[in-house]
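Down below is the structure, laid out as structure tokens.
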Amino acid sequence: MKLNINGVERQVATDWQDETLLTVLRDHLGLSGTRFSCGIGQCGACLVHVEGSPVSSCLMSVKDAANKNILTIEGLAAEDGTLHPLQQAWIDESVPQCGYCQSGQIMAAAALIAGKPDASSDDIDQAMSGNICRCGCYPRIKAAIASVADNSQSYDATAVEATS
């Protein structure tokens, strides 16, 4: 069975087909940036992009992800190590406190910006409503996303999925 993760085709064991995409990413492939938290798709910590859309990887089986383009937080930065504008905004706005939810938060925000580079405050609220931050960093999260949306004229949002 094949998974295309961050632009790299990976052969995975057929007996993993009924495992969650989250389990295979973290436990079998060592991509631990995607986090396990609730296990029922309610918190957003395990968000990845599948075919460009945010998906709770704790709810998707590997067989359902086979032969689809999967982007994890590890694939968001450019190959040369240049951070994605959202990752840089997270640093600039001092977003993380404990950091546990941050990869899912960033992946949700990246999907928003890719689809709507000029996202409004309401767009941000709606897109991020499925992501829980137990530390309460919501104002800084929103500020980071808004800073990228405000600067979207110099940022090609379509490159998020295409380069990964």
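The values are calculated or read from the model by the stated rules, or taken from the named source; none is laboratory data. Predicted model, so just to flag it, every value in this text is computed and none were measured. Using ideal geometry, Cβ is built from the backbone for each residue, glycine included, and neighbour counts are taken over all protein chains shown. Each accessible area value is taken on the protein alone, full model and side chains, heavy atoms only, with ligands, DNA and RNA left out. Shrake-Rupley method; radii C 1.70, N 1.55, O 1.52, S 1.80 Å.
Here are a few things to note about the model shown:
- Evaluated against (1) at pLDDT below 95; (2) farther than 23 Å from Val55 by Cβ, Tyr100 falls short on exactly one condition, (2).
- Gly130 touching a residue at least 24 places away in the same chain (Cβ under 8 Å) and under 11 Å from the mean Cα position of the chain (by Cα): no
- Helices (runs of 4 or more DSSP H) lying entirely in region 16-127 (those with 3 or more residues that are touching a residue at least 40 places away in the same chain (Cβ under 8 Å) and open to solvent by less than 30 Å² (accessible area, probe 1.4 Å)): 85-92, 102-115
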